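Asker: Questions regarding the structure given below will be posed in turn.
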Ligand SMILES: Nc1nc2c(c(=O)[nH]1)N[C@H]1C(S)=C(S)[C@@H](COP(=O)(O)O)O[C@H]1N2
Ligand SMILES: [Mo]
């Protein structure tokens, strides 16, 4: 297929997904509260700049399960499957050929640090979803890291325009300790919802708990509602 018609297809599928999840998305707390975070349309407005219980940091701590997988670009693959019409396995070149999005957003770790205005480049989860075409039954994602990490995210959160599979931060390749070559970011949720070293995105027809969610952390993880545990 020609590159231009591939792109047209993605754009068309993206519009359909947006329409399908519009109402659900409007009712997510960050939109309903009118107090999301980051820059841009769905962003931080006025004060306070950070959610309750959080402290600003300019450093960038590293959190992992005690193991940082080494995934070279030639061996890197991204599997997207589950409740989709068109499952794919992307190689690095395929991934980089998809529409690239730059965004600046905030990062809230449940261990109480927040880092503001981080600048990212990556592929929108929305565009990846447009590529694989979620079935009508799809409601949630399970994201898997190369380190065996898992975390679940609802589609109304995952399809927001600031949710990226990011490969670049502050203009440089994402360092391994922060999840390079590619990690997910979920600026409107606590940062554990963004899998570092992301390997697989599975579309689900019901919600399931990931690694931290099974250990008592929240399924929904809304920082502006102090939604840490469940
Ligand atoms: N694969 C994987 N992703 C992960 C984690 C992890 O241990 N493994 N930790 C999570 C947690 S708890 C947070 S706060 C952020 C931390 O990202 P950072 O180390 O780049 O600050 O990544 C999240 N994603
Ligand atoms: Mo975290």
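Asker: For segment 90-211, what mean projected area does the convex hull of the alpha carbons give, in nm²? Don't jump to the answer; show the numbers that get you there.
Answerer: Numbers: hull surface 28.4 nm².
Seen from a random direction, the Cα hull of segment 90-211 projects 7.1 nm² on average.
Asker: Run the paramagnetic zone check for residue 225: 7 angstrom along Cα to Cβ, then residues of segment 93-114 with backbone nitrogen under 11 Å.
Answerer: None, by backbone N distance to the label point.
Asker: At a Förster distance of 25 Å, what's the computed FRET efficiency of residue 4 paired with residue 85, Cβ-Cβ distance as r, to 0.05?
Answerer: 0.70
Asker: Write down Rg/Rh for segment 96-136, rounded to two decimals, with Rg from the C-alpha atoms and Rh from the Kirkwood relation over Cα pairs. Could the numbers behind the result be given before it?
Answerer: Values: Rg = 13.9 Å, Rh = 12.3 Å.
The Rg/Rh ratio comes out at 1.13.
Asker: Most exposed first by the Cβ proxy, i.e. fewest other Cβ within 10 Å, how do 143, 109 rank?
Answerer: Details: 143 25, 109 17.
Sorted ascending by nearby Cβ count, the order is 109, 143.
Asker: Principal axes first, then extents: for the Cα atoms of the chain, list largest minus smallest coordinate on each axis, whole Å, largest first.
Answerer: 50, 40, 33
Asker: Please tell me the relative contact order of the chain in percent, rounded to the nearest whole number, where contacts are Cα pairs under 8 Å and at least six residues apart.
Answerer: Reported as a whole number, the value is 23 percent.
Asker: If you take every DSSP beta bridge whose two residues both sit in segment 2-225, what share of them, in percent to the nearest 5, is antiparallel?
Answerer: The antiparallel proportion sits near 85 percent.
Asker: Also, I was wondering about something else. Given a Förster distance of 25 angstrom, what is the FRET efficiency for residue 26 paired with residue 136, based on the Cβ-Cβ distance and rounded to 0.05?
Answerer: Taking R0 as 25 Å, the efficiency between residue 26 and residue 136 is 0.80.
Asker: Roughly speaking, what is the centre-to-centre gap between segment 56-107 and segment 134-195 when only Cα atoms are used, to the nearest Å?
Answerer: The two parts, judged by their Cα centres, are 7 Å apart.
Asker: Nearest 0.05, what FRET efficiency do residue 111 and residue 75 give at R0 = 45 Å with Cβ-Cβ as r?
Answerer: Computed FRET efficiency for residue 111 and residue 75: 0.90.
Asker: Do the sum for the chain: with -39,500 (n - 2.57) for every DSSP H run of n ≥ 4, divided by all residues, what is the mean residue ellipticity at 222 nm, to the nearest 500 deg cm²/dmol? Show your work: numbers first, answer last.
Answerer: Working: 6 runs with 49 residues, N = 230.
Taken over the chain, the calculation gives -6000 deg cm²/dmol.
Read-outs throughout are calculated quantities, based only on the coordinates presented, and are distinct from any laboratory measurement. These figures come from a predicted structure and were not determined experimentally. So basically every Cβ, Gly included, is an ideal-geometry build from the backbone, and we count neighbours across all protein chains shown.
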